[in-house]
Ligand SMILES: Nc1ncnc2c1ncn2[C@@H]1O[C@H](COP(=O)(O)OP(=O)(O)OP(=O)(O)O)[C@@H](O)[C@H]1O
Ligand SMILES: Nc1ncnc2c1ncn2[C@@H]1O[C@H](COP(=O)(O)OP(=O)(O)OP(=O)(O)O)[C@@H](O)[C@H]1O
Ligand SMILES: [Mg+2]
Ligand SMILES: [Mg+2]
């Protein structure tokens, strides 16, 4: 009994998610198309992994989708200007990494609540992306969206990132630094660690992960646009919460992230499956967020 | 059996936390108007017990009888209304607001909805004057040193119409003169008929102050004695449950070459301080509250900026600007405020212990988890950290055990020069011995140690040399043969301008 | 609550760039009603001008068994996803802009709508103020469509009423409630001789009317013109306020339902249909607005 | 040496925001046409008054250690419900207004109760509340605005007393009320204590739960008053009202020196923060700046303000 209890305490997130995924999969089964689930899963899981890394270091980021929008715009501009594809992609990944590092540096240097800071950044970035123009159509040579290879490559990238982050977080001392940052900054400083540099590196790594999503967006929508990804912000935060990532305590693991992302994809599919009328589908997304938060973002009572 | 009536009776209190029985069926009585000491090792359950009394936490079972009335459960408000005031082990001040506001926290000093700030400050000033403490009552408490904060806590408790005053290690952050002030206040209160419950790890204080003493061990009640009927050694045996020799362990370490030299260091409120520290040496720093010892150590450790002066490590001039550089130069620092500067409270013990030396226990970027466990277990055993498991969050440990974790954390980094800032604050007798032994052992290994302490006997017992600091200036430097408590106190209060020329 | 289609086997999905403006809500509701009447299932989603979300929404609609998707996209960003849906047997009806992938397209030429608004305003300026006057134009750079519309407005006024001063072309930003009010207050402040506001949409225009009223400028020499034919704008025209003209779109919902019906019935439909649209002013308001509502 | 730099910091902390205000005013009077006219200044005050009222409520919440992102959502729902009551149901104005206010206070109270009972960080509770309420606001009429408010009602938003617009008068009442509460009453002291150290406040016998609910309820109240003015001023209840308030309120308060961690801040500072934001909005429009640039500029200025604030408070270094 006691072992059951402690097993449950340890794995209740995973159990909850798996049950949820099974139920949803059965409900949606008749039309659930594997390729669509894969598309959405790859996007959400990449975003959630990037966000989770930041959340584990105590930062709830509201700026990442705006950064991605800027990156896609930049990519679109590069392609339109006739740069070779590989140059454009490198520029995008570097840009996204730099955005991340800039964010990390700011959070490290300006010690106000990161939520506020990233809100401000979001505002600035959205403005900048919009200055680029509404939509930048880029000459994408092929139908990448319909290409099996394309999604396989990004699935592969997602797996590589998963393995990398998993190693980083659980087996290296950098992983300990990540969790440490979410705690007591004075103590971090007294421990002789440059927390601003650490933050910068963490957010830079997240940036590289987010950059993959920027690439996907660029290819499947044939260009960049200022509003791209905007709708993903709350679902991704919800997915991270569903996966048990808790930015208040620096708690959680990547396994949860993956399960949470899958749950989220299916939940979002459900709203179309249920013929939910527009506002209800909006409220549906919100309800998921709220429920995820209520269950998982609670502070321990003590 | 006695004509004195019991003002407070604790009956069969039980309080458990996951994996820990913090208080296990404790009952005892407190007589009206007495000073009742409560002692026990770290984690014995003293703080938990008084939190039950004040309503800060809810016990699993048991009752509290106050002046003949039974209460199953207290609330902070009820306790206050009944005249119970508590000074908690951990500060319960609001950092951003002034001392005066903290003193009257939650109180209406005048009827009506409006509050007269000037009047409140005047009243607070008066209370501090009565305590003979010179404090700027309009200053936010977060800018004050721990000692001053403690004095604010005391003022807060005595500002009210108090019947039972409970103090959880009130003297821990205080130096000799403030302790005297506190004792004077306590005696005055006793004369007015106030009952006092007093927790301290400084046993000599009990003999000076208390009427009776109750001993707890491992959450259980051990016994209550009249202080007159018991001696120090017996008390220690009751606490520890075994014989424990109490003395400052002798040391045979060889004082070696120079490890650290500070020349004309100015910064962070300190002026023109010079000293040298050798391998194998323990250098004590004495001073009154706010003397600036902590400030000095923080400058050396790179936590606060240096204005002028030089720091030499192993004879080589350094340019330490950050803690990271200090650590690279082999300097380790155990901060005095374990909560704010030391521990990662929400992380596990294991996690905390190894965190300063992650690189040391890693192969490439990978942490050697076996080694990690071994180090953590080592320190758990060495310091007898009382915990159900190494996975326990530091937040949930008793104050003393938290201190042990913070020390372990710094030691695990294998520094050559180690600064202990109030290392035994809030630590029980047994663990103190462990820490002293450890310091000796480290010195024996040729490490250089600085010990900042407000505990005079400890300072005298452990140091090879003592430097006194008064208002940010060095006022004296004494070799072991010159040690004399009164002389040191004199220097520490700026009495004599000694040692100017070293 | 299992996803699926009802007896008719038809399920329509409506993909809107936003469902926060009265205009879009109007289309959504109308289409919903028409589908209900015909016994079809209906689902709608807005993608908030986020093209990546639009792609996911298309996928979700396909998963949700939609076999007709009405997509109001403004560029080619969803083409690949729409094509994939088409390959799965879903019929695509585009609305707004014509791109490579569709079974039917209902086109709206934003620039030409702009010129029609401009014409309407110019007519009024010519007849009421003798072709003289000072106006400001409100546009928004939030997406290309609206920028085109704003350009159309300016070009038409310059052509038809060359003596009218366009004092300023203001970008009033996103569709934030209150931005119309604030901007108009500021403009009235800045230009005391203002005679009119020509705005890209009714939402900001009706707010402007309130601001004009509050400033006491609601007289016969002030005119506000816009587009969308929202109820509030129509009421303003009918009540004789300074709201003087708007563009009325024939219920796009009904038009679309009609075409879907034809496709369901197996008819082939001519490609590229223009959305019918009418200028509404005091002169013909009675045809569009019934005061008792 | 240390003393003087300390003095500079205290000076800056007290007056930095005013220096900032002065700088903004001077810059705009030079480069923006018509900025410095009396009419335009009254205009700015009127424009910020709705927003300012909400910020007063949010400031109190933030000083009390909380955070309220839901005020915009509350405004939208309250506005819609009031419009619905007046126009569609035909209730008399006072009844509709009372219903609206009661609803606003109730939403605020729910924020507080949920944060306390479920132990969820307030920023998350109120974020969720905001999103839910925005959805609800759309559901009331299916997204359509409600128009045609009774004439008498419109006075609240459009009327004047002498040369002063009524919204400005209401704003001033809120400022005075907020200032008195926070500076002169025990209640205010307790709110500072709550924000500074909740546990200390609890142990000092303050009923922290009640106080938390009270503070959030007041923010709800402020939001509903703002909703009334907003509806009266635009003569329409719109479901999208207040959508930018979550962000803007927080920034105005931070700009005005309210600590995100709670326990610190002043009503006066907040008011200056509100006015600075109002001036930026107005001045940038007067200069004809592209709206996207406007938000970039605003964001950058806020970033700067936050950075400076953090620099002066370098030693406090608190986590939220
Ligand atoms: N919140 C908590 N969660 C879990 N365990 C706790 C908690 N608070 C206290 N404990 C445990 O209860 C026991 C008693 O702790 P307490 O703080 O009362 O000790 P103490 O006698 O005051 O020790 P010290 O002298 O070190 O202050 C300890 O073992 C501690 O780990
Ligand atoms: N009379 C006073 N009132 C308020 N604050 C004071 C007073 N005297 C000194 N301080 C503050 O105390 C600080 C000195 O701190 P601190 O007490 O940490 O020194 P210390 O020598 O390390 O003493 P200890 O370690 O015993 O607390 C100074 O920064 C100063 O601002
Ligand atoms: Mg204790
Ligand atoms: Mg000290």
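Spatial offset of region A:1-62 relative to region B:83-159 amounts to 50 Å, using the alpha carbon center of each. Sorting B:23-31, D:195-203, A:257-265 by average packing, meaning the other beta carbons within 10 Å per residue, from highest down gives A:257-265, D:195-203, B:23-31.
When a/c is below 1.5 the answer is rounded, else prolate if a/b is larger than b/c, else oblate, so apply that to region C:1-106 with a ≥ b ≥ c taken from the square roots of the Cα gyration tensor eigenvalues. It comes out oblate by the Cα gyration axes.
Helices in the protein assembly as shown, meaning DSSP H runs of at least 4 residues, each add -39500 (n - 2.57). Divided by all residues, the mean residue ellipticity at 222 nm is -17000 deg cm²/dmol.
By average Cβ neighbour count within 10 Å, what is the ranking of D:176-186, A:36-46 from highest down?
Numbers: D:176-186: 17.0, A:36-46: 23.0.
So the order, starting with the most tightly packed, is A:36-46, D:176-186.
Here the label points at residue B:126 and residue B:31, each 7 Å from Cα along the C-beta direction, are separated by 3.5 nm in the simple model. The calculated FRET efficiency for the pair residue B:90 and residue D:19, based on their C-beta separation and a Förster distance of 45 Å, comes to about 0.70.
Could you give me D for the protein assembly as shown, from Stokes-Einstein at 25 °C and 0.890 mPa s, where the hydrodynamic radius is the Kirkwood radius over C-alpha pairs? Units µm² s⁻¹, please. Present the calculation step by step, with values, prior to reporting the outcome.
On the way: Rh = 34.8 Å.
Here the translational diffusion coefficient equals 70 µm²/s.
Counting Cβ atoms of other protein chains within 10 Å of each residue's Cβ and taking the mean over peptide A:165-171 gives 2.
Quick check on the protein assembly as shown: of the DSSP beta bridges with both residues there, what percent are antiparallel, nearest 5%?
Numbers: 62 of 133 bridges.
That works out to approximately 45 percent antiparallel.
Per-residue packing, averaged as other Cβ atoms within 10 Å, sorts the ranges B:337-346, C:197-206 into the order C:197-206, B:337-346, beginning with the highest.
Tell me, in nm to one decimal, what length is gained between residue B:369 and residue B:11 on full extension, where the rule is 0.36 nm per residue of separation less the Cα-Cα distance?
On the way: separation 358, 0.36 × 358 = 128.88 nm, distance 4.58 nm.
Net length gain for the segment: 124.3 nm.
Across C:265, C:80, C:109, mean-square fluctuation computed from a Gaussian network of chain C (C-alpha pairs under 10 Å connected) peaks at C:265.
The angle between the Cα long axis of helix B:429-444 and the main principal axis of chain B comes to about 0°, on a 0 to 90 degree scale. Among the residues of B:401-413, the average count of other protein chain beta-carbon atoms within 10 Å of the residue beta-carbon is 1. DSSP finds beta bridges in chain B, and of those with both partners inside it, around 55 percent are antiparallel. For region A:34-301, the square roots a ≥ b ≥ c of the C-alpha gyration tensor eigenvalues yield an a/c of 1.5 or more together with a/b not exceeding b/c, which makes the shape oblate.
Compared with the dominant principal axis of the Cα atoms in chain C, helix C:179-190 is inclined by about 20°. The distance linking region C:198-255 with region C:87-157 is 16 Å (Cα centroid to Cα centroid, whole angstrom). Between residue B:480 and residue C:33, the modelled labels are 9.9 nm apart [label points 7 Å from Cα along Cα→Cβ].
What does the C-alpha gyration tensor say about the overall shape of region A:24-93? Classify as rounded when a/c is under 1.5, otherwise prolate if a/b is larger than b/c, or oblate.
Details: a/c = 3.22, a/b = 1.40, b/c = 2.31.
Oblate is the answer for region A:24-93, as a/c is 1.5 or above yet b/c matches or exceeds a/b.
Across the residues of D:263-276, average count of Cβ atoms on other protein chains within 10 Å?
Details: counts 6, 5, 1, 0, 0, 0, 0, 0, 0, 0, 0, 0, 0, 0.
For peptide D:263-276, the averaged partner shielding equals 1.
Counting every other Cβ atom within 10 Å of each residue's Cβ, A:159, A:213 order from fewest to most as A:159, A:213.
Taking other C-beta atoms within 10 angstrom as a stand-in for reagent exposure, A:86, B:351 fall in the order A:86, B:351, fewest first.
Mean-square fluctuations from a GNM of chain D, with a 10 angstrom spring cutoff on Cα atoms, peak among D:194, D:41, D:133 at D:41. Summarising the strand pairing of chain C, around 10 percent of its internal DSSP beta bridges are antiparallel. Based on Cα contacts under 8 Å between residues 6+ apart, region A:34-301 shows a relative contact order of 35 percent.
In plain terms, the C-alpha convex hull of region D:48-243 casts an average shadow of 10.9 nm² when viewed from every direction.
The spacing between region B:27-81 and region B:387-431, judged by their C-alpha centroids, is 27 Å. Within the listed set D:189, D:46, D:233, the residue fluctuating most in the Gaussian network model of chain D (springs between alpha-carbon atoms under 10 angstrom) is D:189. The label-point distance for residue B:63 and residue D:287, in a model that sets each label 7 Å from Cα toward Cβ, rounds to 7.5 nm.
Values quoted throughout were computed directly from the atomic coordinates according to the rules given, and no laboratory measurement underlies them. Predicted, not measured: the structure shown is a model, and the values here were computed from it. Neighbour counts are summed over all protein chains in view; Cβ atoms, including those assigned to glycine, are modelled from backbone coordinates with ideal geometry.
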